[in-house]
Structures are given as C-alpha cells and as structure tokens.
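Following: one structure in structure tokens, then a few remarks.
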Amino acid sequence: MNIHIGLNVTKLDASLGFYSKLFGTKPVKVKQDYVKFLLKDPGLNFTLRPVEHVEGNHINHFGFQLFSTDELNKHKERLEKEGFFSRSESDTTCCYARQDKFWITDPDGHEWEFFLTKEDTEVDTIHTCCG
C-alpha cells in the first residue's frame, strides 16, 4: 500500500526541482501540467499539479518519521548539500513527545518535517506541529 498526496503548486518547475532533491530521485512522470513521484521507502505516490494560487494554511505540514539519530543526520546532511536551509530543533516537546527534528520549506511555503521521537510525554508545549 502507498500513501498518496496530490499537492497543488504555483511553480511546477521549481517544485519539480525541490521535490527531486527532497526525495533524492527523479519523478516517474513529467507532463506540462503534472508531475508524479513513486517512492518505495516510504511507500508514497506523490503528485504535483500547477494552480494559479495556493492560499491559506489548509495543510499544517508533511513529514517523515525516522527511527535513529544517524538516519535523521543523514537526511539533514543530504538536503543541506542540495542547498536547502534547514531549521533544527533538538529535544523539543511537541505533540506529546520529546523529539529531535529539522524542517525545510518548498517553493510554495509547505513545510516538511524530518523527526525522531525519543519518548512519549504528557506535555504538548508546541501547538503548531505534530509528527
């Protein structure tokens, strides 16, 4: 089973470049008005469609849950080498868990979180995230 996300974007070419670097692979289909990525790990069918405007914050964020500090650091280093600025958070309490994470943002302002859950907590100190 694959998760499917269909994302509206205002700059198809810029988003194609961003997501090729983010996922570390080229799309399986590129058309004038459509781009499709198929990832095996994680199982994801991810498509882009151009629109004139992306308005409002109807999406909180997207993310990848990782399972080791080494894996988290590997993705951070890889994406920084691709030229992305990452915003890091260490030992943050968010979504009732203590986590290490970093964030990057696509050309339309959609945030992507890479996070490692260290332990569950009874506290949710940041109400704008959740992984």
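The values are calculated or read from the model by the stated rules, or taken from the named source; none is laboratory data. Being a predicted model, the structure only gives us computed values, none of them experimental. Cβ placement follows ideal geometry from the backbone for every residue including glycine, while neighbour counts extend to all protein chains displayed.
Overview of results
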| item | result |
| --- | --- |
| Segments classed as strands (runs of 3 or more DSSP E), wholly inside the stretch 70-130, with at least 1 members that are closer than 19 Å to Ala14 by Cβ and modelled with pLDDT of 90 or more | 97-105, 111-120 |
| Matching residues, the stretch 70-92, being in contact with an Asp or Glu (Cβ under 7 Å, 6 or more places away or on another chain) and either polar (S, T, N, Q) or free of Cβ contacts under 8 Å to residues at least 12 places away in the same chain (or both) | Ser86, Ser90 |
| Single residue of Lys40, Lys36 found to be exposed (fewer than 12 other Cβ atoms within 10 Å of the Cβ), basic (Lys, Arg) and not assigned by TED's automatic domain parsing to the domain that holds Cys95 | Lys40 |
| For Leu7: the one exception among (1) farther than 13 Å from Ile104 by Cβ; (2) without any contact (Cβ under 8 Å) to a residue 60 or more places away in the chain; (3) touching a Phe, Trp or Tyr at 6+ places or on another chain (Cβ under 9 Å) | (2) |
